[in-house]
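Input: a single structure, listed below in structure tokens.
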Amino acid sequence: MTLQSLVSFASNTTSHGSTCKSLKCRECGAEYELKALHVCELCFGPLEVNYDYDQLRCTVTRDSIEAGPKSIWRYRPFLPVVGHEVIDLGTGMTPLVKSCRLARRLGLKNLYIKNDAVNMPTLSFKDRVVSVALTRARELGFSTVSCASTGNLANSTAAIAAHAGLDCCVFIPADLESGKVMGTLIYGPTVMAVEGNYDQVNRLCSEVANTHGWGFVNINLRPYYSEGSKTLGYEVIEQLGWQLPDHIVAPLASGSLFTKIYKGFREFTEAGLVEPKTVRFSGAQADGCSPIAQAYREGRDFVTPVKPNTIAKSIAIGNPADGIYALEIARKTNGAIESVTDLEIIDGIKLLAETEGIFTETAGGTTVAVLKKLIESGRIDPDETTVVYITGNGLKTQEAVQGYVGEPLTIEPKLASFERALERARTLERLEWQPVMI
Amino acid sequence: MAVKVLIPTPLQKFTNEQATIDCSGTTIAELIESLEQAYPGIKSRICDNEGNPRRFLNLYVNSEDIRFLEGIDTGLSNGDEVSIVPAVAGG
């Protein structure tokens, strides 16, 4: 290894005004140059980007951030890029919606919805991580980029690669929702539909990465890619008027998003941009793929892989790489990790849509359903300022709710036909409410 | 039992930069010993001090995670493919 890797990383640091210093193993602390590496050569622990926090404290202020672009790149000093040019498709700065109707329905006084269902360009939080990963891929000289994906990452990688003029090859499970497949193919990448689940796709991609010199956003570019999720933490702080919330609820797949929101909160605190406060972190999984929730329930500090079987395909990762870190964060912040059934997920999607006008995909339905479960079991205080992260758009997973949202009333183009249909609809609505009224 | 082993990039410096090698063993544990014989030093990278695969490393036999089989006691047959894969992020 490592002598070669370890030398001269310091010289890469600030020549372009960048604050990132090195890659550092989260387990053993070994440091590496800022190259396309994702695991420690000594212990296989994940590598994380290490920044010059002294420089960040001296140079970044609330004003300097607010003067930046209306995208994730307003936080550029906290992101792992070193060059002048970034890929900016207006990603990030999505709405933080103060909830009224959902909050009232659930009995919360201060509920906010971070709505990445309208993130640009492909309507999920993945645009954040991919914008960072492909900016760094270009800096590292890659001409072909790739990923293993449950759908959203494929959409985002294909779209942003098209914008940046990079060749793209993505790997997805063959049984993915048609909206996610179409939402990838349209950008013209090579799409490999693998007959297997996401964990098998991931394994195959790791094998491909060993033999092809491509930039895999979630493999050899992972340390850069994952940093993009920190912006979900920064934005919430800024949008709350430079304050931390009391409690966040977010979906858990690999656990990366969860740990990076935590890192984002910690970095802004360390940089003096926000007053320190303990934020409770709660995570959401589907019963049909809940290895982290199971470990949490059983008091384990390790995660046993499972074989996914749920409609929540975007978070169906049976072997979550950052699961142990997510567990650690939930426990030390006095949060919780819960799971819900597929039916509860559908109800969660409908509840958010009917109360807030936000159509989320299954991951968001999972998160809303877990939010509800945590409130009902007294694990979220009604007075807490709670932020729920909605990370994807329901238009991509319409199959999940088909058969659960009713049908349009087909009528003739005549007033009488309309009146008859309206009366019938109102009667049905009354019948639907009857059991509740009794 | 003659098996094919897929070596991840961080371990290829032990295998003369070979991504695929042929090796032998009747179980995963035996295979790891054979690898150590052929490529000294590789075992301590694959396994922790107790001889178990490191927690951030996944081992597969014919695409199946050994944690769904018999762990390091998983049996091997002629022509099996064993893959060593570091954990990766998702999505």
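Read-outs throughout are calculated quantities, based only on the coordinates presented, and are distinct from any laboratory measurement. The structure presented is a predicted model; accordingly, all values stated were derived computationally and were not measured. Ideal geometry is used to build each Cβ from the backbone, glycine not excepted, and the neighbour counts take in all protein chains shown.
Okay, here's what the table says:
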quantity: Answer from A:GLU195, A:GLU227, A:GLU177 - the residue that is more than 10 Å from every other protein chain (Cβ to nearest Cβ), buried (at least 23 other Cβ atoms within 10 Å of the Cβ) and either free of Cβ contacts under 8 Å to residues at least 12 places away in the same chain or of a type in the set (Asp, Glu) (or both); calculated: A:GLU227
quantity: Tally of residues being in a loop (DSSP other than H, G, I, E, B) and surrounded by 13 or more Cβ atoms within 10 Å (Cβ to Cβ) across the stretch A:50-82; calculated: 10
quantity: Qualifying positions in the stretch B:32-91 - at positive phi and either away from chain A (no Cβ under 12 Å) or of a type in the set (Asp, Glu) (or both); calculated: B:GLY51, B:GLY79
quantity: Neighbours by Cβ (under 6 Å, 6+ apart or cross-chain): first from the stretch B:52-74, surrounded by 16 or more Cβ atoms within 10 Å (Cβ to Cβ); second aromatic (Phe, Trp, Tyr); calculated: B:ARG54/A:PHE44; B:PHE56/A:PHE44; B:LEU57/A:PHE44
quantity: Residue list for the stretch A:246-256, filter: buried (at least 24 other Cβ atoms within 10 Å of the Cβ) and either in contact with a strand residue (DSSP E or B) (Cβ under 6 Å, 6 or more places away or on another chain) or under 12 Å from A:PHE78 (Cβ atoms) (or both); calculated: A:HIS247, A:ILE248, A:VAL249, A:ALA250, A:PRO251, A:LEU252
quantity: Exclusive hit being within 14 Å of chain B (Cβ to nearest Cβ), assigned to a loop (DSSP other than H, G, I, E, B) and within 18 Å of the chain's Cα centre (by Cα), set A:ALA363, A:ALA326, A:ALA321; calculated: A:ALA321
quantity: Residues of the stretch A:28-49 satisfying the condition of being without any contact (Cβ under 8 Å) to a residue 24 or more places away in the chain and crowded, with 17+ Cβ neighbours inside 10 Å; calculated: A:VAL39, A:CYS40, A:CYS43, A:PHE44, A:GLY45
quantity: Any hit, the stretch A:126-137, residues being free of Cβ contacts under 8 Å to residues at least 40 places away in the same chain and either surrounded by fewer than 21 Cβ atoms within 10 Å (Cβ to Cβ) or touching a Cys at 6+ places or on another chain (Cβ under 8 Å) (or both); calculated: no
quantity: Qualifying residue in the stretch A:85-103 (condition: among the basic types (Lys, Arg), surrounded by fewer than 21 Cβ atoms within 10 Å (Cβ to Cβ) and more than 22 Å from A:GLN398 (Cα to Cα)); calculated: yes
quantity: Count - residues of the stretch A:324-346 that are surrounded by fewer than 17 Cβ atoms within 10 Å (Cβ to Cβ) and of a type in the set (Asp, Glu); calculated: 1
quantity: Considering residues of the stretch B:1-11 that are under 15 Å from B:SER83 (Cβ atoms) and surrounded by 15 or more Cβ atoms within 10 Å (Cβ to Cβ) only, the residue farthest from the other protein chains (Cβ to nearest Cβ); calculated: B:VAL3
quantity: Subset of the stretch B:31-51 (residues that are touching a residue at least 12 places away in the same chain (Cβ under 8 Å) and surrounded by 16 or more Cβ atoms within 10 Å (Cβ to Cβ)); calculated: B:LEU31, B:ILE32, B:LEU35, B:TYR39, B:ILE42, B:ARG45, B:ILE46, B:CYS47
quantity: Selection status of A:GLY378, without any contact (Cβ under 8 Å) to a residue 40 or more places away in the chain, not hydrophobic (A, V, I, L, M, F, W, C) and not in a strand (DSSP E or B); calculated: yes
quantity: Residue in the stretch A:327-340 that is farther than 26 Å from A:CYS100 by Cα and among the β-branched types (Val, Ile, Thr) present; calculated: yes
quantity: Elements of type helices (runs of 4 or more DSSP H) contained in the stretch A:84-169, each with 3 or more residues being in contact with a Lys or Arg (Cβ under 6 Å, 6 or more places away or on another chain) and within 14 Å of another protein chain (Cβ to nearest Cβ); calculated: A:152-164
quantity: Residue among A:VAL217, A:VAL236, A:VAL191 that alone is over 18 Å from A:ASP127 (Cα atoms) and of a type in the set (A, V, I, L, M); calculated: A:VAL191
